[in-house]
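Student: Would you mind keeping the following structure in view while I ask a few things?
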Amino acid sequence: MQLAENTLPTLPDNLPKIDIDKAVQYRLNGLTMAEIGKIFNCSKQAVSQALAPYKSVPKGYKTYKDRKAEILELKQYELVSSVDAAAIKKMQPYQAITAVGILEDKIRLIRGESTSNVSVHSVVDDLNKRKQELLDRLNTVDNSVDNADIKEGNDTN
């Protein structure tokens, strides 16, 4: 089949709709191609073809995926530990320090922690101002209630 320049072949519309990410996860969790096919309402052959590029999942991938932060921390430690006088003479120190910083950012991202320094002083100042506004407003309401009671002769003291 000869294609015209700058055109892509079109895929048939009748291909089964397989969510590759979910199918790979199902496969990693031990489901058979037939079981995955039932989930996506297609044949095990269709699943096999869809997952063909992902068949070479390296051994230990699931462990890596589940424990990525700990593994990266270990690699970070190994990198830091390897930087001795001899290693510094062979490489630029900024290279190792940059790698450590990048790994630190990745670890924090994986854990859902901040990757930048954030000043909270302005937030605290804004909250204190708002607190004072609310207290002032509350005092105004309390004073008006007290004044109304006094005018009506309902002094509660």
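Read-outs throughout are calculated quantities, based only on the coordinates presented, and are distinct from any laboratory measurement. This one's a predicted model, so the numbers in the text were calculated from it and none came from an experiment. So basically every Cβ, Gly included, is an ideal-geometry build from the backbone, and we count neighbours across all protein chains shown.
Student: Want the number for A85 to A52: 0.36 nm per residue separation, take away the alpha-carbon distance, what's left?
Tutor: Length gained between A85 and A52: 7.2 nm.
Student: May I pose another question? Give me the extension gain from Y64 to T115: residue separation times 0.36 nm, minus the current Cα-Cα distance, reported in nm with one decimal.
Tutor: The Y64-T115 span can extend by a further 16.2 nm.
Student: Give the cross-link partners of K44 among the lysines, using a straight C-alpha distance below 16 Å as the criterion and excluding same-chain residues fewer than 8 apart.
Tutor: Within reach: K17, K22, K55.
Student: Hey, another quick one. Using the Cβ atoms and a cut-off under 10 Å, what net charge is assigned to the surroundings of E35, where Lys and Arg are +1 and Asp and Glu are -1?
Tutor: +3
Student: Please work out the Cα center distance from segment 26-40 to segment 90-131, rounded to the nearest Å.
Tutor: Taking the Cα centre of each part, segment 26-40 and segment 90-131 sit 41 Å apart.
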